[in-house]
1. Where Rh is the Kirkwood radius over the Cα pairs of the chain, the temperature 20 °C and the viscosity 1.002 mPa s, what D in µm²/s does Stokes-Einstein return?
2. Of all the accessible heavy-atom surface of the chain, with the other protein chains kept in place and a 1.4 Å probe, what percent is carbon and sulfur?
3. With charges only on Cβ, +1 for K and R and -1 for D and E, what is the dipole size of segment 169-263 about its Cα centre, in debye, rounded to 20?
4. Where is the GNM fluctuation largest for the chain (alpha-carbon springs, 10 angstrom cutoff): Asp297, Asp161, Asp83?
5. Would you kindly state how much longer the chain becomes between Glu54 and Arg291 on full extension, computed as 0.36 nm times their sequence separation minus their alpha carbon distance, in nm to one decimal?
6. Would you mind checking Lys2/Lys204; Lys260/Lys292; Lys204/Lys301 for any pair whose Cα atoms are more than 18 angstrom apart?
7. If you stretched the chain out fully between Arg179 and Asp161, how much longer would it get, using 0.36 nm times the residue separation minus the C-alpha to C-alpha distance?
8. How large is the charge dipole for segment 35-111, taken about the Cα centre, if only the Cβ atoms of Lys, Arg (+1) and Asp, Glu (-1) carry charge, to the nearest 20 debye?
Amino acid sequence: MKAVHFGAGNIGRGFIGLQLVKSGYEVCFIDVNAQVVEALQSRQSYTVGYAAEEAETETVSNVTALNSQTEAEQVIEAIATADVVTTAVGPTLLAKIAPLLAKGIEKRSTTKALYVIACENMIEGSSHLRQEVLPHLSTLPDNVFFPNAAVDRIVPLQHHDDPLYVEVEPFFEWVIETRALPENHPQFAGVTYVSDITPFIERKLFTVNTGHAIASYLGALFGKETIAESLLDVRVRRGVQSALYETGWLLLEKYGFDPKDHSAYIQKNIKRFENPRIHDEIVRVARSPIRKLGPRDRLVKPARELMDRGIEANGLALGIAAALTYSDPNDSESSELNTFIEKHGIRQTVTTYLGLEAEERLSQLIVSQYEQMHPMTDSIA
């Protein structure tokens, strides 16, 4: 069995590729990082370590790689003969890989099914990828499926002498939706299969991603460098817990999760964030603030849904306001956001980037929190 995986970064090697190999697949990684691609081609294996009390490692074999910039034809051929295609490239890059994926699909001469799974931090990632692929196809074959998935594993930025070594947390979760899949769909190691993935996606997005983001933005506000360090500050910890109990209330209302189980889920994730063996830098978690402040993403969406139900999202508003103060000159989204705030003021920024009207109560909460953090910043608006 053959799998093609777009993204040979830490998540690709330390999570998705690892589980595919454990499921019996030969894995071909697709990336533009020449050093990583050449190392995978040469060694055809790599090592995964775990950030735990008892340090463990395991060797991942039966792998290779292709460079999508210089070996495009080989990538197309690999897709044409694959059983599974997965991605871990980031939501913004799905559109860029879509043309290659479409060419590979069109070149397929086999009658066997192809499963394309976007393993991204987004709602309905595979459906989104499908929509990006369709314009490049004359027709989508009936035996090509795009099941939605939810994935969760903390893999921080890291630098090792070995360019292929990657260290991950022991915990992971990979959920795949079976709706619209044939009965004989593949079974991957460690995957949970569900008929409706929406509750699992939102539970993860509104707990793990929301909490992680707020820890990073509040941590940055108070001069911290890592997520674990941030959670040692009672102001950050209180802010994260407040937001997660707000999103928890929303999830219980929408999907009927057990209150005790969800409370335990929140605390388990806070413990994951504060794992001292994971040096998870704020610059990694906080990057791309425009995307994370989007109307359908981890901060604004749950806050707005709470407000629509008559519950004031004060903890989430605090986290959103902190995100609006975030500044990293090396992050293009952060620079764009900061420039817009300086030119147009915070109220117009909230409307333009968060999709909130000035008269909305949530908008007022965010602006109020922001002005307390930056008392003199909004003289324009």
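The values are calculated or read from the model by the stated rules, or taken from the named source; none is laboratory data. Computed from a predicted structure; not experimentally measured. Glycine also receives a Cβ, built like all others from the backbone with ideal geometry; neighbour counts cover every protein chain displayed. What goes into the accessible areas is simple: the full protein's heavy atoms, side chains included, and nothing from ligands, DNA or RNA. Shrake-Rupley method; radii C 1.70, N 1.55, O 1.52, S 1.80 Å.
1. Estimated via Stokes-Einstein, D reaches 98 µm²/s.
2. Numbers: 7910 of 16520 Å².
Percent of accessible area from carbon and sulfur atoms in the chain: 48.
3. 300
4. Ranking Asp297, Asp161, Asp83 by mean-square fluctuation puts Asp161 first.
5. 81.7 nm
6. Over 18 Å Cα-Cα: Lys2/Lys204; Lys260/Lys292.
7. Computed gain between Arg179 and Asp161 is 2.1 nm.
8. On the way: 5 positive and 10 negative charges, 98 e Å.
Value, rounded to 20: 460 debye.
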